[in-house]
Structure formats: structure tokens, C-alpha cells
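The values are calculated or read from the model by the stated rules, or taken from the named source; none is laboratory data. Everything quoted here is computed from the prediction, not taken from an experiment. Heads up, the Cβs are rebuilt from the backbone with ideal geometry, glycines too, and the neighbour counts pull from every protein chain shown.
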């Protein structure tokens with residue numbers, strides 16, 4: 001057993017040194033924290049403090065500060081989002097601190113085997129710890145330390161977690177070879193006025209297996225799965241083994257010619273046919289036969305689903321293009337004089353009218369009345385009329401909204417006189 005663990009931790013350490021980055025595995029999002037518990041007293045009589053402070057309240061209840069000049073025990077713990085399913089088999093990390101101000105009196109790994117640097121646990125050294133059994137809890141003890149801050153050599157100092165100088169900071173799962181997930185953040189323990197640092201992990205949205213019609217499985221949230229047309233299998237249900245295996249569902253598939261057959265959606269769409277849905281029956285026959293399809297005023301005899309796909313208006317199963325059912329719709333057409341005619345849009349536009357829309361009516365008249373204004377007749381009288389009515393009456397239209405009060409129609413008097421009479425007017429008397 002010892003030889004097996006030694007080989008495991010050596011392989012893990014070698015893999016960690018070889019990897020530049022890791023693909024997301026079951027330990028993604030995890031952090032390392034340092035937790036102190038003043039209620040646990042360090043004594044040489046106890047060899048192992050693993051599990052002595054389990055943090056039942058979760059990561060947020062961890063203590064990250066101790067007073068100076070007193071002897072304490074503290075723990076390094078792996079913490080994972082509670083929405084995940086960790087599978088921890090190994091970890092690499094390091095430590096950094098002021099060795100003059102922080103004195104270590106004891107330490108020990110909480111795993112089953114350790115491969116540490118020769119100078120471990122001196123500042124800027126590292127270790128790798130592995131477990132015989134896969135750890136699946138959200139909080140896992142990895143290491144414990146005992147010591148104190150000697151304030152005579154430094155105050156407000158901290159004991160910091162850091163990447164292993166040669167192997168980085170990684171979690172390893174129980175796959176062969178292991179998937180390595182980077183440790184998201186590393187915490188610290190502060191002394192005196194230094195509060196330390198507590199990096200609790202960010203919770204991930206709960207995911208589960210999402211099955212698609214082609215039996216493909218993807219880990220998604222329930223909302224993501226529904227939005228992409230999949231079938232959600234439940235929170236934390238894995239894709240390995242694939243829960244989507246089995247015969248894909250079938251349903252009614254309508255060909256362009258109107259025949260119905262049971263097929264999978266993929267086979268139906270590959271044949272350029274129309275799938276009506278999982279479990280849709282072929283009896284009674286749901287598939288329309290080819291018929292008239294209107295594109296404006298043009299009629300084409302074709303499959304009804306193809307008609308819709310190409311932007312036409314299907315006229316119904318087995319409908320005919322003779323006579324043409326695609327005549328242009330009609331509606332009210334308004335003219336400047338307020339009159340209304342029932343025309344199609346093209347004819348309305350040609351006659352300088354304004355089309356009011358398909359199926360609109362001229363009864364009651366939807367057309368606004370023409371504007372009116374003062375209309376002057378030859379005898380100087382004024383009447384408020386429209387331009388058309390004024391000109392029809394032989395009057396002079398003075399403009400829209402011009403009033404007849406006061407009368408704007410002025411008549412210039414004209415007296416008929418001969419040229420001789422005009423000259424006589426200028427002779428001396």
C-alpha cells in the first residue's frame with residue numbers, strides 16, 4: 001500500500017510540473033483556506049490534529065486571525081462550491097512567511113502520503129499531498145501547523161499559502177491520468193492587527209445532465225438546457241455514464257408530397273421533410289397534400305410546408321391555382337377631396353390615393369374631409385369652401401383656414417369713360 005501511494009503521489013507531482021493549464025474537472029472552483037481555532041490547544045502529546053476543527057458552519061465561519069505571542073494550531077483546508085461534486089485525490093501548494101516572526105512548533109499532512117520539498121515547511125517551499133480514498137466532501141483537511149508569532153521580531157505578520165515553487169497550486173481528481181484543476185485562490189492566517197484572508201469559493205449555478213435528441217449529453221443548468229431544446233435529467237446528474245443512451249424518440253414526419261411516416265427528428269429533417277414532434281401520430285393523417293401557394297398575386301402549386309418556409313401563404317391541402325385564389329386584397333382608398341373608393345393597393349397608388357389597409361371599408365367613410373378656406377365670388381361675397389368646390393363655383397380660393405370674417409374679398413370699382421371724356425377732364429375751365 002505504501003508503495004502504491006508513493007507511485008501515485010510521484011505521478012501526480014510529475015503531471016503537475018508538466019501541465020501549463022488544466023481542463024475543468026470536478027474540483028474546479030475550489031480554494032485553499034487557513035483556519036484557526038483558539039479552543040484547540042497544541043501539545044506534544046498529540047501527533048495529529050487532522051479533523052480537530054471541522055467547521056460545521058462552512059467556509060464563512062473560518063477564523064483567520066490569532067493574537068501574537070501565544071501558541072496555536074491552524075489548518076489548511078480545501079473548500080469547494082456546494083453546488084459541485086468534488087473528487088479530490090491530491091493537491092500541491094506551498095507556504096510563505098517571515099521565519100523570524102513566525103515560529104513553527106509542529107506540522108503534519110492530513111492525507112495518506114506526502115512528497116515535500118527537502119526544506120519543507122520553510123518559507124517559499126512546497127509539498128504534494130495525496131489520499132488513498134477519493135475525498136468528496138466540500139471541506140477537506142489537507143494540513144495542520146502549530147506555532148506562534150514572536151512579536152519581538154515582527155508584528156501584524158501573516159502565514160500565507162502560495163503555489164508550490166516547482167509544481168504550482170493544483171487539485172487532482174481520481175481519473176487516470178488525473179485531471180488537474182487550478183486552485184482558484186489561496187488564503188492566509190494573520191497575527192495581531194493583520195486580519196488574514198479568507199477566499200471562500202464562488203458558488204456555481206447548479207448543473208446536471210441535459211439530453212438532446214441525438215443522444216448527446218451536456219452539463220448545463222436547467223434554464224440553459226430548456227433554452228437549447230434539451231431534456232434536463234436533474235441537478236448534479238452526471239453525463240458519465242451517458243444518461244441519454246437508448247433509442248431516440250420518433251414522431252410523425254410529413255414529406256413534401258403529403259405522406260406520413262414515423263421517423264426520428266434527425267432522419268426526418270435529413271430527408272427535407274417536416275417533423276411534427278416526438279410521439280405525434282400519423283392517424284388521422286396530419287400531413288397536408290400539395291396545394292395552391294400564394295406569393296402576392298402569383299399562385300404556385302407546391303407542398304404546404306415548403307410554401308410557408310419560402311414565405312408564401314398556403315391555401316390549403318389539395319387547393320387549386322385555377323381559378324387563381326391569389327387576387328390582391330382590397331381596402332379603402334382615400335383622395336384629397338375626402339372621397340373614398342374600394343380598390344387594391346396598387347390601383348389606389350396609381351390613382352394618387354392613400355391606401356387605408358387590406359379589408360378596410362368606405363362605409364363609414366374613413367377619409368378625412370378636405371381643408372376649407374375663404375372663397376371669393378365676382379360680386380365680392382365670401383363663402384368658406386374647399387379648393388375643389390370653390391374652383392367649381394368659379395370663385396377665387398384664398399387659402400386653407402382663411403376666414404370670411406372680416407370679408408377678405410375686395411372689389412375695385414371700374415367706371416367706363418371714353419378717351420375724349422378723359423381729356424376733357426384735364427382742359428382749363
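Of note:
- Qualifying residue in the stretch 64-82 (condition: more than 27 Å from residue 175 (Cα to Cα), in a loop (DSSP other than H, G, I, E, B) and under 40 Å from the mean Cα position of the chain (by Cα)): yes
- Which listed residue is buried (at least 18 other Cβ atoms within 10 Å of the Cβ) and modelled with pLDDT under 95, from 56, 26: 26
- Just so you know, in the stretch 389-401 the residues that are without any contact (Cβ under 8 Å) to a residue 24 or more places away in the chain and under 21 Å from residue 339 (Cβ atoms) include one that is surrounded by the fewest Cβ atoms within 10 Å (Cβ to Cβ), and it is 392.
- Meets criteria (surrounded by fewer than 12 Cβ atoms within 10 Å (Cβ to Cβ), out of contact with any strand residue (DSSP E or B) (no Cβ under 7 Å at 6 or more places or on another chain), at pLDDT 90 or above and assigned to a loop (DSSP other than H, G, I, E, B)) for residue 405: yes
- For the stretch 241-280, the set of residues classified as under 30 Å from residue 26 (Cβ atoms) and touching a strand residue (DSSP E or B) at 6+ places or on another chain (Cβ under 8 Å) consists of 242, 243, 244, 248, listed by residue number.
- Checking each residue in the stretch 301-328 for being under 25 Å from residue 343 (Cα atoms), in contact with a helix residue (DSSP H, G or I) (Cβ under 8 Å, 6 or more places away or on another chain) and loosely packed, with under 15 Cβ neighbours inside 10 Å picks out 313, 328.
- Checking each residue in the stretch 144-168 for being touching a residue at least 60 places away in the same chain (Cβ under 8 Å) and over 45 Å from the mean Cα position of the chain (by Cα) picks out 145, 146, 147, 148, 149, 150, 151, 155.
- The number of residues in the stretch 175-196 that are at pLDDT 95 or above and either part of a loop (DSSP other than H, G, I, E, B) or more than 33 Å from the chain's Cα centre (by Cα) (or both) comes to 13.
- Only one entry of 135, 124 meets the criterion of being under 35 Å from the mean Cα position of the chain (by Cα) and without any contact (Cβ under 8 Å) to a residue 60 or more places away in the chain, and that entry is 135.
- Odd one out for residue 374 among (1) in contact with a strand residue (DSSP E or B) (Cβ under 7 Å, 6 or more places away or on another chain); (2) surrounded by fewer than 17 Cβ atoms within 10 Å (Cβ to Cβ): (2)
- Residue match in the stretch 374-388 (condition: closer than 30 Å to residue 410 by Cβ, in contact (Cβ under 8 Å) with a residue 40 or more places away in the chain and either not in a strand (DSSP E or B) or not assigned by TED's automatic domain parsing to the domain that holds residue 401 (or both)): yes
- Failed condition for residue 90, given (1) more than 22 Å from residue 116 (Cβ to Cβ); (2) touching a strand residue (DSSP E or B) at 6+ places or on another chain (Cβ under 6 Å): (1)
- Check on residue 294, in contact with a helix residue (DSSP H, G or I) (Cβ under 6 Å, 6 or more places away or on another chain), in a strand (DSSP E or B), free of Cβ contacts under 8 Å to residues at least 40 places away in the same chain and crowded, with 18+ Cβ neighbours inside 10 Å: no
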